[in-house]
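Derivation of every value follows stated rules applied to the coordinates shown; laboratory data play no part. In this text the structure is predicted, and so the values were computed from the model without any measurement. Reconstructed Cβ throughout: ideal geometry from the backbone, glycine too, with neighbour counts over all protein chains shown.
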Amino acid sequence: MAAEAGAVAAMDAAEKARGKYAALSFAAIAIVVGLPLWWKTTETYRASLPYSEIAELDTLLFQLTVPISVVFAKGVLPGVEEGKLPFRTTQVAEIPMNSKTSVTARYEVSFRCATSQEETILSQASVQEADDQLLPTEGMPAGSLAVYVIPQSSLLLPQEATVYLGKHRSAILRGLRGAEDTLVSVAAQVQQLARAMSFTPESVAEALADRVLIGLPGAEWKRPFKSSLGYEITFSLLNPDPKSHSVHWDIEGAVRRYVKPLLDKLSPVAEFSVDSQILYYAALGVTPRFDAPSSSYILSAHSLPHVINPVEARLGSSAASLYPVLNFLLYVPERFHSPLYIKGKDGATAVPSNAFHSPRWGGIMVYNVGPDGANETSLPRRVDVDTVQVMEVFLAQLRLLFGISPGPLPDGALLGNPGSEGLADWELDRLLWARTVENVATVSTTLTSLAQLLDKISNIVIKDDVASEVYRAVDSAQKAMLELEQGSLNSAFQASKAAVTSSERAFFDPSLLHLLYFPDDQKFAIYIPLFLPMAVPILLSLVKIFRESRQNKKVPAKVD
């Protein structure tokens, strides 16, 4: 019996040991294999991002380099100063911004004497012909300027003109009479010209409006459209009184003759699409005031802001458009409100163009029909719109909406006719300078916001394609900054456009919606009910094993 009891006790001890080892094995497998496997399979995939480079990009140190070639005709410089040519100099001007943004204007000026061919052009041709003929000899890249200095006695410029700004990237400057140091005086004039033909502190500050507080009084009326990869232009004819006026306009021909050349010139800046429409019974929403002395109706300046909203409701929704919409409205007033004139802010003087524009929206022109020479039985009266007059106003408004205007010009400056394109090469460069700076600043803001978002919400998935777009945006922005420093404006602008495209693709990627993912507390709430039935027996077994081991240590060993 004792032997049987001993055998049973041995079997119970072996069974307990086997159960103990089984429980320890299950616990070890669950902790060593199961828990890491669960953690790995449920973790959020986050590709690496260049956080340090994005942080560096948050502080923008622009250096805008403008290469300038100054060419002296014979008779401008004294013999002593002419012997110093050719030589180069650099003029640097700081444009104060804020602690995170600084702009340095760097003018790399080279001085030389005119070639024999240039002397012939400057001595014989008219100023317009000289501007056209000097272009091939210079071959100026975007962002660079050429200034030709002619003697004071030259007849190339009118006597009252001191400088001629051509339609390419050159200017013809009359030398100062009686200047003691001609080179120094010309250098000062050249820097003033460079600001007028490239960028000014105001234009740079406007491009950095999202990062820099402008605070310029009266600047809102001329604030241009923000930089975009494309724009949609809509020409609308508003005929509120079709029973009295049958209005016809050759908008297709007008766009082809007047608008398309300008848009072709602006094609490096963005893509453009043009459409038109005619809206009947579309009123301005503001009742004009009758002016008895002039027997006309008046729209005052303070009522103009109330004109846009009622009209915009009829223009169609621009929400479906990916790009900003520029609206140009031609309004033919009702027969019983004709003629209708827009008065300026003084309330006494009529606006010569009878039009006004709204920043970052478009423009409206009031087109008055001539006096009615027929009786009412001949209504509706046919009205043929003078598209030359209308497009002259709309193109001027289009330039304002894009911020195309020269900087402060020196006294006696004469602007050349840009021709059918309506835009000089240096005016296009001036727009490219502003757009490049604005694009880089936009990329910096976008990437910084994205990095902060991803750092704050740790469970957002960062896919490889999103990370590659971020890397591409950073590289393109850095390249744009480098090209600006080297004076390669066209390359800098193309790099800034690529940076904007990549940064927007990354920022607006649908996979970054944090609502698609569970926070960590919700993840545990989901998985604990699944693991708890398995974990409770294992934990209880481990607790039992721990207690038994402690009891065995307390039992004293038997002494034979």
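Return the FRET efficiency for the residue pair Ala467, Glu129: r is the Cβ-Cβ distance, R0 is 60 Å, and the value is rounded to the nearest 0.05. FRET efficiency, Ala467 to Glu129: 0.60.
Given a Förster distance of 30 angstrom, what is the FRET efficiency for Val536 paired with Ser48, based on the Cβ-Cβ distance and rounded to 0.05? The calculated FRET efficiency here is 0.15.
For the stretch 272-358, applying the loop criterion from DSSP together with a ceiling of 16 other beta carbons within 10 Å to the chymotrypsin sites (Phe, Trp or Tyr not before Pro) yields Tyr281. From least to most packed, judged by other beta carbons within 10 angstrom and beginning with the fewest, Thr115, Thr448 follow the order Thr115, Thr448. Roughly how many nanometres apart are two label points built 7 Å out from the Cα toward the Cβ at Ala188 and Arg223? So the two model labels end up 3.7 nm from each other.
What does the charge dipole of the chain about its Cα centre add up to, to the nearest 20 debye, if the Cβ of each Lys and Arg holds +1 and the Cβ of each Asp and Glu holds -1?
Numbers: 49 positive and 59 negative charges, 427 e Å.
With Lys and Arg at +1 and Asp and Glu at -1, about 2040 debye.
In whole percent, what relative contact order does the stretch 225-402 give with Cα contacts below 8 Å and a gap of six or more residues?
Values: 291 pairs, mean separation 57.2, N = 178.
Contact order relative to length: 32 percent.
Over the chain, Cα pairs under 8 Å with separation of 6+ residues give a relative contact order of 18 percent. Projected label points at Ala292 and Asp264, each 7 Å from Cα along the beta carbon direction, are separated by 5.5 nanometres.
In what sequence do Lys226, Lys343 fall when counting other Cβ within 10 Å, fewest first? Mind showing how you got there, number by number?
Working: Lys226 13, Lys343 19.
If I rank by nearby Cβ atoms, fewest first, I get Lys226, Lys343.
Placing a pseudo-label 7 Å from each Cα along the Cα-to-Cβ vector at Phe546 and Ala396 gives an inter-label distance of 8.8 nm. Estimated purely from DSSP H runs of n ≥ 4, each contributing -39500 (n - 2.57), the mean residue ellipticity at 222 nm for the chain is -13500 deg cm²/dmol once divided by its residues. Note on the chain: dipole from Cβ charges, positive end direction compared against Gln551, Val269, Met365; the farthest Cα belongs to Gln551.
Normalise the Cα radius of gyration of the chain by 2.2 N^0.38 Å (N = residues in it) and let me know the number.
Numbers: Rg = 37.5 Å, N = 560, 2.2 N^0.38 = 24.4 Å.
Against the compact-globule rule of thumb, the ratio is 1.54.
What's the exposure ranking of Arg223, Arg435, going from fewest to most Cβ atoms within 10 Å? Before the final figure, lay out each step's value.
Details: Arg223 16, Arg435 24.
Going from least to most buried by this count: Arg223, Arg435.
Please work out the Cα center distance from the stretch 269-293 to the stretch 441-469, rounded to the nearest Å. The two parts, judged by their Cα centres, are 42 Å apart. Packing around the peptides 141-152, 70-81, taken as the average count of other Cβ atoms within 10 Å per residue, puts them in this order, highest first: 141-152, 70-81.
Any chance you could run the full-extension gain for Tyr281 through Thr448? It's 0.36 nm times the residue separation minus the Cα-Cα distance, nm to one decimal. Spell out each step's value before the answer.
Numbers: separation 167, 0.36 × 167 = 60.12 nm, distance 4.86 nm.
The span from Tyr281 to Thr448 would gain 55.3 nm if fully extended.
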